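A short worksheet on the structure shown next.
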Amino acid sequence: MGKYRITRFKRAYIEITSSCNLHCSFCQETLRPPHFMSYEEFRHVIQEIKPYTGFIYLHVKGEPLLHPELEKILLLCRQEDIQVNITTNGTLLLKRLPILLKYPVHQINVSLHSADDNDCINMDTYYIDVFKACQELLDNTDTEISLRLWTTTNAQGLFGKKNLIVKPHLYINVQSPFQWPDPDNDYYEPRGFCMGLRTHIAVLCDGTVVPCCLDGNGNISLGNIFNTPMEDILNSKRAVDFYKGFNSHMAVEELCRHCSFKERFDKNWKR
């Protein structure tokens, strides 16, 4: 079969662990067994995705700051000239601060909405620790910090803005909650558009490659990066059909038909 033209992705999501120290109601349950990607596996992933992007997010499911080899992972990214974004619930931010100061990342997204969703969190201590870590990062690095409040229903933003600049490199981002795609949910729409395989791609901690970060349970497996080259994965029949389907504003995958998030990419597809 013919190949479609491969362009560099704006970002690749790499899930270095599916384990998390919290259980949040707004986060879709991870059906896969808990797993940590080894440093050698991560290095392999970087070598495979480097021709396609220079920007990674340590995120899909799990809490990346739990990873015992985080320092080696960030060092490798620096050596390979890979920009890094981290999404975290913030509980380990102060504990992992020495590593984040030694190997600063491009941006840290802190999901503050995790705090009031877990009884195990002491709210006072949590916010003190998060803000102390953020201040240290702002004082000593160029890391951008986005404090997320993503459970505000029908959010109009703060002072009319969804992304409010508090001061240089520090932002507050407000979003309404969204429904995770799931073949068993009530939403169903075969039409629409998605930026998966256009601007981004994701690699789960077991090496499964999926089109986007919302496929946290690996429903749309395009192949496994540990035993199949990325080029072959991107040119597999399933990947090409996914890509071409959205060219016609049609979701060929069942999971995508149950994903309302695609409406955010294309406001004009409904008839």
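Name every residue in region 209-258 that is surrounded by 21 or more Cβ atoms within 10 Å (Cβ to Cβ) and β-branched (V, I, T), in order of residue number. If the condition is that a residue be surrounded by 21 or more Cβ atoms within 10 Å (Cβ to Cβ) and β-branched (V, I, T), then V209, V210, I220, I225 are the ones that fit. Scanning region 255-270 for residues that are under 22 Å from the mean Cα position of the chain (by Cα) and either closer than 13 Å to G196 by Cα or not polar (S, T, N, Q) (or both) yields L255, C256, R257, H258, C259, F261, K262, E263, R264, F265, D266.
It is to be established whether one or more residues within region 148-159 are of a type outside the set (A, V, I, L, M) and modelled with pLDDT of 95 or more.
To start, the set of residues in region 148-159 that are of a type outside the set (A, V, I, L, M) comprises 148, 150-154, 156-157, 159.
Keeping just the survivors that are modelled with pLDDT of 95 or more gives none.
The answer is no, given that none of the residues of region 148-159 is of a type outside the set (A, V, I, L, M) and modelled with pLDDT of 95 or more.
Is it fair to say A115 is open to solvent by less than 10 Å² (accessible area, probe 1.4 Å), of a type in the set (A, V, I, L, M, F, W, C) and farther than 20 Å from S18 by Cα?
So A115 does not fit the description; no.
The values are calculated or read from the model by the stated rules, or taken from the named source; none is laboratory data. Given the structure is predicted, the values throughout are model-derived calculations rather than measurements. Cβ sites come from the backbone with ideal geometry, for glycine too, and all protein chains shown count toward neighbours. Note: accessible area is taken over every heavy atom of the protein model, side chains too, but ligands, DNA and RNA are not part of it. Shrake-Rupley method; radii C 1.70, N 1.55, O 1.52, S 1.80 Å.
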